[in-house]
Structures are given as structure tokens and as C-alpha cells.
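Colleague: After the C-alpha cells below, expect a handful of questions from me.
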Amino acid sequence: MPKPKKNQVVTPQPQADKLARALGLTMPLYLKREDLHPLKSHKGRSLPPMIDHYLKFGHSNFVISSSGNAALAAGLYLKKINSSQKNKINLKIFVGKKIPADKIKPLQALTNKNITIVQVTNPKQSAFLAQKQGAVLLRQSLDNLAPKGYADLYDELRRIKELKTIFIPTSSGTTLAGLFMASKGKIQLNIVQTDFCHPFVKSNLPTPQKSLAGAIVDKVGHRKTEVLKALKKSKGAGYVADDWDIKNAIKLAYKTEKIKLSPNSALALVGLLHALIKGWQPKGAIALLITGK
């Protein structure tokens, strides 16, 4: 198998033996630690290639509507680019007026005259307006470039011996689409959403006002056709987690592996737990995508 590309960022994918034993698994279980990516999450796979593409065409003004991993990845990447060149790139991050302090703090650490945060009533609408005025809107759920960035992620995952299954915390479905594209359907792909937001998975659970996994927010589901095709072709499934599931997964991961999962990352483990409860039998190694905060 060829080595990773020269400039490819490689994240750890340790085997989780204690967690596997606690679950009664006879197949190896791995944690793909995208939370340890230099850009802080799996979004660091997709956003840099998107930005690079637009930079090649002379664009220098970007906007994003995000209060989480996507904005952080874009901000960190553009700050790095700006530190090494005279002609600076601008990024405007639109966030809601009620953004929690723990979410805005990492973004505020990035701000300077080129990277700014704007608190508005409707961040998405403001970002679309900025796009109409000439800025490049970084939105993974609508950009066909976005899934391609996850080819590197699959390149690393496929190095796991006898890997057969991946569980993916899912909002827009872009990560799933990218992994399906790269794997050509050879690996079973499963998605995990929340009872608050699950456009790709049917559920009888009542809809709460919010979920602990606050990054799962795409209720429109622009990629629904792609997502359902990927699940069908890869023989995967979709699962829905409530807050009890998430808390339980966080406790279990810490008890067995001493890893502090974020609620969003914990969704991957919830998906595996639900699959096992339903009688699913793994046919090879399993990977849980630990996405980030």
C-alpha cells in the first residue's frame, strides 16, 4: 500500500481494546481521532482543498455561516496562509446572537483585521447576501468540491487491517458522501444523527428543543439523495441518538479508554451500540469517526 501523500496530515487511529471487550466484540475496534487534526476536527480534511481551489481562481474574500468546527477549520487554515504571504485573505464568520461562550471563544482567538466575526440574527441569510456581493461562501452541504477532501481520510482508514465498517456522526452528509466516493462502496458506512435533527433517518422519538450534539444542525438535507444511495450501496444504516444515548457513550468511552468524547463525537459510539442491540454482526474491523467538538 502506498504511503500517505507528502503534505497529508495523518491523524491517529488507535485500537480500542478495552472498549471492544466491554461491548463484547470479537472484531477489532479503532478510534479515528480527527479531533487531533491540526485544524481541530474532520472539517480540516474538506475546507482546505475548497479554499485552495478558490484561491487558484484569484478569490480573496470568503464567508462562512458556522459557530463550530467548520468556521474554526477555515479560520485556522486562512490564518496560517496569511502568516506566510503579503497579500492577505479575508474571512468573515457569521454567527448567531445567542452563540454560547464556549463556541465563540475559540473563534475570537483567531480574529484580526482579516478574520472577523459578525453576530447577526440570521447567520445563514447574511452569508448568502455576502455571497451575492462577491464573496465565496464556504458551505459544505452545497459545494461539490467538499466531499473530495475526505479522500485523504479514507486513505488513512483503509490502512486498518480488514476494515469493514465505519460509524460517522452526520449533519449534512458531506463526510459520508466523500468516504463513499473514495471507498467506491467497498466499506460499510453508517451514519448517526440526533433526535433533534435527522433528515436522513426515520425515527419515532419525540423531537426535543435541542441536542447535546449541537453540531448536527442541517435539517434541510441537501445531500439526501447522495446519502441514501451511499447507505444502500455500502449496505450501511442510519441511527438516531437522544441525549441519554450520548451521555452513556461518553461515560463508556471514558471508563474504558480514558478518552473524553465530545457529544458530537460520541454519536459514532452510539451508532455502534444501537447496531449491536439490533443484532448486527460485524464481519471485520470497525472504525468510529471521532470528529471533534
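The values are calculated or read from the model by the stated rules, or taken from the named source; none is laboratory data. All of these numbers come straight from a predicted model, not from anything done at the bench. Quick reminder, even Gly has a Cβ in these numbers, built from the backbone with ideal geometry, and neighbours come from all protein chains shown.
Colleague: Please go through (1) modelled with pLDDT of 95 or more; (2) farther than 22 Å from Thr174 by Cβ; (3) touching a strand residue (DSSP E or B) at 6+ places or on another chain (Cβ under 8 Å) for Lys97 and return the number of the only condition it doesn't satisfy.
Modeller: (1)
Colleague: When the stretch 48-105 is examined, which residues are found to be buried (at least 16 other Cβ atoms within 10 Å of the Cβ), assigned to a loop (DSSP other than H, G, I, E, B) and among the small types (Gly, Ala, Ser)?
Modeller: Ser66, Ser67, Gly68
Colleague: Filter the stretch 198-227 down to the residues that are charged (D, E, K, R) and in a loop (DSSP other than H, G, I, E, B), then identify the one that is farthest from Ile168 (Cα to Cα).
Modeller: Filtering the stretch 198-227 for residues charged (D, E, K, R) gives 202, 210, 218-219, 223-224, 226.
Subset that is in a loop (DSSP other than H, G, I, E, B): 202, 210, 218-219, 223.
On the way: Lys202: 17, Lys210: 20, Asp218: 15, Lys219: 17, Arg223: 15 Å.
The qualifying residue farthest from Ile168 (Cα to Cα) is Lys210.
Colleague: Could you list, in sequence order, all residues of the stretch 230-270 that are over 19 Å from the mean Cα position of the chain (by Cα) and without any contact (Cβ under 8 Å) to a residue 12 or more places away in the chain?
Modeller: Lys232, Trp244, Lys251, Tyr254, Lys258, listed by residue number.
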